[in-house]
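The next block holds one structure in the form of structure tokens; read it before the comments.
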Amino acid sequence: MSTDLIPNQNTCSHPTAINGENPISNEQEDVDNKLNGKVNDIVATLAKGKGWRGPEVFLHKGFWLPQNAIKSLLMIHEYFHPKPTDIFLAAFMKCGTTWLRALMFATANRHQYKTSDHPLLRTGPHGVFPSLDAQIFLEYPVSKFDNLPSPRLFATHFAHDLLPTSMTSPSSTCKFVYVCRDPKDALISKWHFMSKIRSKELTPMSFNEAYELFCNGVSEYGPFWEHVLGYWKASQESPEKILFLKYEDMKKEPSVELKKLAKFMGMPFTTEEEEGGVVEEIVKLCSFENLSNFEVNKDGVQTFRAQVVVENRNFFRKGNVGDWENYLTEEMRDRIDSITETRLKGSGLALGLLHKA
């Protein structure tokens, strides 16, 4: 049940084998050139919006994506071969994936590693739990990721409706864990994060501008509400395939939610493990306080692609619920709550709404 650690030195600008030993072949370069041609043709037909990290995003099948993300999605559709035991962690950006990565990896590998010598101490959560969206560039022109033992763990920010049916079909036995949070907190966290990694060649994005774009659905992988609804509806139709979690519930009762998570992953905690404090040990190991204070998360970096290198410390800011109160006026709050109530109406999902007397 282990997951190999994946090196991050590879880039999509000059892709190599995952171990960095074998340069790409002419055939692989041809594949890359053809993919670039397809992406350029697609992008030429799409509506364009302002990007939060890069200069622009494009409206592709209802969701705003950077050009590299469209290429990534195309590669996933054409080359990724899911296995029946694959487990995908999905979320809109800055909704808890860093925390969930750590929890899921620690749970899946709890019989292999001791807390005192855990891989999370040496590499950030992103290093032990690859992003399919970026890793698809690194295993070039993408293998079946056979170097990863089962169950393979992958993360993605893509909306449910954008992914291939080989992953999302009810007949597929792949599993998804989806985590969401109050959209007001998602906005604040995403603005801070994207501001830190935004291209230095671009002028900084003000909070007011980010707020307007977010409310209009224009942000990487957005609109937020359609992203959440896609996974929510799929989880209602196939609860055995998609576990839908809320960040706020996890913060309130992490042990309860972790046991639910482990059971869904097919790795339930035994009575002996629960009585022996294994659940609490994993919760403590993966807590915001612990993770953010590991040296690797203070000084290390993650290279997702040639153009995307992120300092690990940027993945950890506050991890709080309700930080939006420090940024939003009452009018701004009411506007987002109104959008949320309208978009989710009739779905059975309540998310981040204020319950007024």
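The orientation-averaged shadow of the Cα convex hull for the stretch 198-280, equal to a quarter of the hull surface, comes to 8.5 nm². One chain, two ends: residue 169 and residue 338. Fully extended at 0.36 nm per residue, the span grows by 57.6 nm beyond their Cα-Cα distance. When the alpha carbon coordinates of the stretch 142-295 are projected onto the principal axes, the ranges are 55, 40, 33 Å, largest first. Of the beta bridges in the stretch 26-344, as assigned by DSSP with both residues counted there, near 40 percent are antiparallel. Extension gain for residue 48 to residue 116 (0.36 nm times residue separation, less C-alpha to C-alpha distance): 19.6 nm.
Modelled spin labels at residue 161 and residue 226, positioned 7 Å past Cα toward Cβ, are 0.6 nm from each other. Pairs over the 28 Å Cα-Cα cut-off, from the set 38/190; 175/200; 34/241; 190/251; 94/175; 184/251: 38/190; 175/200; 34/241. When the alpha carbon gyration tensor of the stretch 26-344 is reduced to an equivalent ellipsoid, its three semi-axes come out at 29, 25, 20 angstrom, largest first.
Here, each number is a calculation from the coordinates, and none is a lab measurement. None of these values were measured; they are calculated from a predicted model. Heads up, the Cβs are rebuilt from the backbone with ideal geometry, glycines too, and the neighbour counts pull from every protein chain shown.
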